[in-house]
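The next block holds one structure in the form of structure tokens; read it before the comments.
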Amino acid sequence: MRRTSMFAVTLLGLFAICGIAAVADSPMHEAGPYADCAKACGQCAMVCDACTAHCAKMLANSQREHLATLQTCQDCASICGTSACIMARTGPFSADICKTCAEACKKCGEQCEQISNDDMMKHCAEQCRKCEKACRDMQASGGTR
């Protein structure tokens, strides 16, 4: 399955899990900070989950330096997934979760960058930086819908 198709399916699944209805006048149908943030958070959650699985394999191969990244990526994935749901429905806790998500992504990105000789870790750090930026942009916009 192509990466774009996989992302679309994952994002739709995430939105379904969050209980989001596809209503024509929904703020998610408009470009803007909520939509941008929801998409970035959904993508980051998916990559952090994949990185968690990668780190587990590395741990199984006695690469103990992956323990910290496994835990960080696991928590970051959970926070990003929750953030994507709240952003998608433009919930009242959007600013709060965005702040938390940005900080989690910053820490996760820093942790993953410490293992610089690993392509998965680099990819995770890049996605975390993108998500952190989207969350900071969302905060800076004041959450305008």
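Assorted remarks:
- When 105, 135, 85 are checked against the criterion of being in contact (Cβ under 8 Å) with a residue 12 or more places away in the chain and over 17 Å from residue 32 (Cα atoms), a single residue qualifies: 105.
- Options 16, 24, 38; residue that is part of a loop (DSSP other than H, G, I, E, B) and either surrounded by 21 or more Cβ atoms within 10 Å (Cβ to Cβ) or modelled with pLDDT under 95 (or both): 24
- Residue match in region 55-70 (condition: of a type in the set (D, E, K, R), within 17 Å of the chain's Cα centre (by Cα) and at pLDDT 90 or above): no
The values are calculated or read from the model by the stated rules, or taken from the named source; none is laboratory data. Everything numeric in this text was worked out from a predicted model, so none of it was measured. No Cβ is skipped: glycine too gets one built from the backbone with ideal geometry, and neighbour counts run over all protein chains shown.
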